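All remarks here apply to the structure that follows.
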Amino acid sequence: MLKIVSDRKKLELKFEELERDYTQGNISKKEYFAQKRDLGRDMETLNAAERVRRMQGRMGSEKTLDHWSEQEDESKKLAEEAEKEEMLKKYITNPNSIKGREIPTREWFGKRAKISLVAFIVLALVVGTSMGFLFINKPSEVSSVSMLVNDSAFPPVANNTTTITPTNYTRTVDYTPTTTTNTPTPEPEPEPPKPTPTPSPCGTAG
Amino acid sequence: MNRNLPIILMATLFMVVLVSGCITNDEKANQSNNYTKGGVFFQYPHSWGLAKVNSTGGVAAVGDPQTVVNGKPTTSVVIQKYNNTNYYNLQTAYEQNYAKFFNNTGKTKVSVGNFTLNNAKAYETVYTSSESGIKKKYRAVWLQKGGNIYVILCSAKVEDYDAQKANFDLVINTFR
């Protein structure tokens, strides 16, 4: 019990000191409220402990039965509160214990998403460009297949030459057929000149 | 909701990349190549290629490589320059050319006509021919460019001709 009292006094002193520091401007508002909250919590714990002890009869005195029954209810309530407080202390993490650790924030997720998005866009660009180059048909300025075109809008012009060589002279006939289907018939070959008989100088009379 | 936002964005981007990267066939179908050589310019279909030209007065030839038979494309366009030794005007040259063109040949006239191309008169003759065993349809467009007379001769198998009309028009309409 003495310990609780001394703790309460200590807490009260701390409260006063805190109020003084805050009034003098030695600590920031944020820090003030944080410390005040911590001290309040300690004070509550202390109160709970005190109530528990009182409930256990260590601080008991002679009272009426009603008083005791009321006190019993109250002590039950206090015990529940104390238990609750203990549970809270046990399982709820003190914010100060995780002060040094870096908690992933929404902003951090945003950064990661942005980086992923940029990386994906770059990847998509590279893949898209590559696919485009892969599938695009290059202009066929020069055909891969060798082709020859000999169609003509003009009528065919053929210059055929037939050479006929008779026995004693040569005669050349030029002709130009107008169609490809007609077979030109060459002129009949002229008969070679007959050799004139020469009278025998020493002819015998018959 | 906020946590899902990056995932949704990524999924959307992924879909956009897929859609833009893979579904482009229709665009490609409308693409064309340019030919600029020998003082002439024209556009021809993206899937076609240049061909060697062995025709009289041949300036350029393009064809569809997918229709090659014995090294010759059945679907092709050849540009020829008219040898105007007599200094004919376009109409006279055209008429002179076809005066005996269909006489005793395997060619059959389908239609003749004229139209305006780039503010200049152009003459055309459509005919069929069964030379070298393949029945083909031809469209010869005669036009004047500067002091020269050019003939754009478009040809394709009879059964393919109608399907190739847009490609032939591309060459004819862009010829400069």
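Observations on the model:
- Check on B:Asp169, within 15 Å of the chain's Cα centre (by Cα) and farther than 19 Å from B:Ala61 by Cα: no
- Annotation note: of B:Ser20, B:Ser55, the sole residue that is at pLDDT below 90, surrounded by fewer than 17 Cβ atoms within 10 Å (Cβ to Cβ) and among the hydroxyl-bearing types (Ser, Thr, Tyr) is B:Ser20.
The rows are residues; the columns are (1) touching a Lys or Arg at 6+ places or on another chain (Cβ under 9 Å); (2) more than 25 Å from B:Trp48 (Cβ to Cβ); (3) of a type in the set (Gly, Ala, Ser).
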| site | (1), (2), (3) |
| --- | --- |
| B:Ile79 | no, no, no |
| B:Tyr94 | no, yes, no |
| B:Phe101 | yes, yes, no |
| B:Gly113 | no, yes, yes |
| B:Leu143 | yes, no, no |
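- Qualifying residue in the stretch B:98-111 (condition: in contact with a Pro (Cβ under 6 Å, 6 or more places away or on another chain) and either within 9 Å of another protein chain (Cβ to nearest Cβ) or not in a strand (DSSP E or B) (or both)): yes
- Filtered residue count, the stretch B:132-170, keeping only those that are among the aliphatic types (A, V, I, L, M) and either without any contact (Cβ under 8 Å) to a residue 12 or more places away in the chain or not assigned by TED's automatic domain parsing to the domain that holds B:Thr56 (or both): 2
- The lone exception for B:Gln80 - which of (1) crowded, with 17+ Cβ neighbours inside 10 Å; (2) more than 28 Å from B:Asn33 (Cα to Cα); (3) at pLDDT 90 or above it fails: (2)
Listed here are the residues, each with its yes/no results for (1) assigned to a helix (DSSP H, G or I); (2) exposed (fewer than 15 other Cβ atoms within 10 Å of the Cβ); (3) at pLDDT below 85.
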{"position": "A:Lys3", "(1), (2), (3)": "yes, yes, yes"}
{"position": "A:Glu12", "(1), (2), (3)": "yes, yes, no"}
{"position": "A:Arg37", "(1), (2), (3)": "yes, yes, no"}
{"position": "A:Thr45", "(1), (2), (3)": "yes, no, no"}
{"position": "A:Arg58", "(1), (2), (3)": "no, yes, yes"}
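- Condition met for B:Lys136 (under 19 Å from the mean Cα position of the chain (by Cα) and under 21 Å from B:Trp48 (Cβ atoms)): yes
- Extreme residue, surrounded by the most Cβ atoms within 10 Å (Cβ to Cβ), among residues of the stretch B:113-162 that are part of a helix (DSSP H, G or I) and touching a Ser or Thr at 6+ places or on another chain (Cβ under 7 Å): B:Asp160
- The stretch B:44-97, subset within 15 Å of the chain's Cα centre (by Cα) and part of a loop (DSSP other than H, G, I, E, B), residue nearest to the other protein chains (Cβ to nearest Cβ): B:Ala51
The values are calculated or read from the model by the stated rules, or taken from the named source; none is laboratory data. All values derive from a computational prediction rather than experimental measurement. So basically every Cβ, Gly included, is an ideal-geometry build from the backbone, and we count neighbours across all protein chains shown.
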